[in-house]
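Structure, as structure tokens:
The values are calculated or read from the model by the stated rules, or taken from the named source; none is laboratory data. Here the structure is a predicted model, which means the values were calculated and not measured. Cβ placement follows ideal geometry from the backbone for every residue including glycine, while neighbour counts extend to all protein chains displayed. Surface areas here come from the heavy atoms of the whole protein model, side chains and all, with no ligands, DNA or RNA. Shrake-Rupley method; radii C 1.70, N 1.55, O 1.52, S 1.80 Å.
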Amino acid sequence: MRLGRYDVVGRLGRGGMGTVYAAVDRERDAPVALKTLHVAEAGAEVRLKREFRTVADLVHPNLAPVYELGCEDGLWFFTMEHVRGRTLTEWAHGETDDAPPLHTELPVSRTLSGAGLTPVDTVQDYSLPSSPAPTDVQPPRRSMREIEAMLRELASGIAALHDAGLRHGDIKPDNVLVRDDGRVTVVDFGLSQLV
């Protein structure tokens, strides 16, 4: 299937706003993710273009770049970077563990705790009490340091959206990818809803 200058080569996922496909931009000879949009209401095109301009201007290391908004034969779509990596769930469980660990080094912060208000390091390896886990759920194979680093990058990406007056509306493990280089990237946020 072709949409404008894009050749659609496979489906990546489906959400409430549309379907995401793997595609190739013939002009740049580059892979992209292409999301089709369900636009049914009158006047939605104007709102769509306004929201797209806001999202396309966002540049942040923890957000997948958004490239182009288009319409072919009444079908609206936009393109974004096709991020190579693992979903948050795959990363947490160490699936296809050939990628490096997260690149973020966490500073050790000091907090006051207890009645004596003693300083305590908050970044450390924690030992959780053992309790029976459901047999169908695998516990994460990541250290607390790695999980905290991932959460910091995730929060940084979401904060960038909020700073732009947007909200994601669908944060879930499939929309948080850990790239092959270890960087956390929020995907499928366009078009985010204006706050």
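Quick rundown of the values:
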{"read-out": "Filtered residues of the stretch 165-195 (kept if open to solvent by 70 Å² or more (accessible area, probe 1.4 Å), at pLDDT 85 or above and over 8 Å from the mean Cα position of the chain (by Cα))", "value": "172, 180, 181"}
{"read-out": "Filtered residue count, the stretch 76-86, keeping only those that are modelled with pLDDT of 90 or more, farther than 15 Å from residue 29 by Cα and either among the charged types (D, E, K, R) or in contact with a Pro (Cβ under 8 Å, 6 or more places away or on another chain) (or both)", "value": "1"}
{"read-out": "Of all residues making up the stretch 17-75, the number that are of a type in the set (Val, Ile, Thr), at pLDDT below 85 and in a loop (DSSP other than H, G, I, E, B)", "value": "1"}
{"read-out": "Residues of the stretch 52-88 classified as open to solvent by 60 Å² or more (accessible area, probe 1.4 Å) and β-branched (Val, Ile, Thr), total", "value": "1"}
